[in-house]
Amino acid sequence: MYIVNPTARFVRGFLLSYGPSSIKKRFWDKEYSEEKWAFAYNTVGDCVYAHLERYTANASILDIGCGSGNTSTEMAGTYARYLGIDISEAALAKARWRSQECGRGDKNSFECADFLTYVPTGRYDVILFRESMYHVPLGKVKATLDRYAAYLKNDGVFIVRLYASSADSANGKDKRRPAAMLRIMDTEFDVLEKDYTDVPGQPTVMVFRPKVRPKN
């Protein structure tokens, strides 16, 4: 088990970052259909919401890798419109149902797509990567953000939330890939907010803009 479990985790992570869309969709549909992620369906009070609410009043939001729709139903309802993108139809079915249940079906919409190749049709005040950044190959982080920057409004921002330190590490040692992703954002973009704690297992939230604004 000591060998099999780490190997299985590595293979899964590799396929979800580097595999073809069809394989990634199959993985995520299976996991959401089997309720593997049921433990994470309620994240009320998450640290990302305080940051979101500073930028989303009367705003448009593009949620990259929205999963079962936590953000669309738990954040303050002062935003104008929300579009969630996810590769799993099983996850999106839950997200659509939850939006209807909480009375936000009129301003929440969802599309099934692999966000590494998805092309937005509009521009947004906020583009959110909530954990989904984990599934961007490290060498494509800047290119992915640069591509999506073209779909930010002039004063728009990226908001990224991820875990850069391990909860099971005795000294809270940084996880290599997430820590490297944060360094890219720190050096290549104009950082407006960085909510970082050195407490092991606590997430980091970063709010930033492109250093050079895309042309209209």
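Within the stretch 82-93, is even one residue within 28 Å of residue 191 (Cβ to Cβ), modelled with pLDDT under 95 and crowded, with 17+ Cβ neighbours inside 10 Å? No, the stretch 82-93 contains no residue that is within 28 Å of residue 191 (Cβ to Cβ), modelled with pLDDT under 95 and crowded, with 17+ Cβ neighbours inside 10 Å.
Yes/no matrix, rows are residues, columns are (1) surrounded by fewer than 13 Cβ atoms within 10 Å (Cβ to Cβ); (2) modelled with pLDDT of 85 or more; (3) of a type in the set (S, T, N, Q):
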residue: 9; (1), (2), (3): yes, no, no
residue: 12; (1), (2), (3): no, no, no
residue: 27; (1), (2), (3): no, no, no
residue: 76; (1), (2), (3): yes, yes, no
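In the stretch 89-112, the residues that are over 18 Å from residue 56 (Cα atoms) form Cβ pairs under 6 Å with partners that are of a type in the set (Val, Ile, Thr) and surrounded by 14 or more Cβ atoms within 10 Å (Cβ to Cβ), at six or more places apart or across chains, as follows: 98/73; 102/73; 111/85.
Counting only strands (runs of 3 or more DSSP E) that sit completely within the stretch 51-137, those holding 3 or more residues that are closer than 20 Å to residue 161 by Cβ correspond to 60-64, 81-86, 124-130. Residues that are surrounded by 11 or more Cβ atoms within 10 Å (Cβ to Cβ) and small (Gly, Ala, Ser) within the stretch 29-54 comprise 33, 38, 40, 50, listed in sequence order. Quick one: would you say residue 145 is within 16 Å of the chain's Cα centre (by Cα), within 21 Å of residue 37 (Cα to Cα) and part of a helix (DSSP H, G or I)? Taking the combined requirement at face value, the residue does not satisfy it.
The values are calculated or read from the model by the stated rules, or taken from the named source; none is laboratory data. All values reported here derive from a predicted model rather than from experimental measurement. Virtual Cβ from ideal backbone geometry, glycine too; neighbours counted across all protein chains shown.
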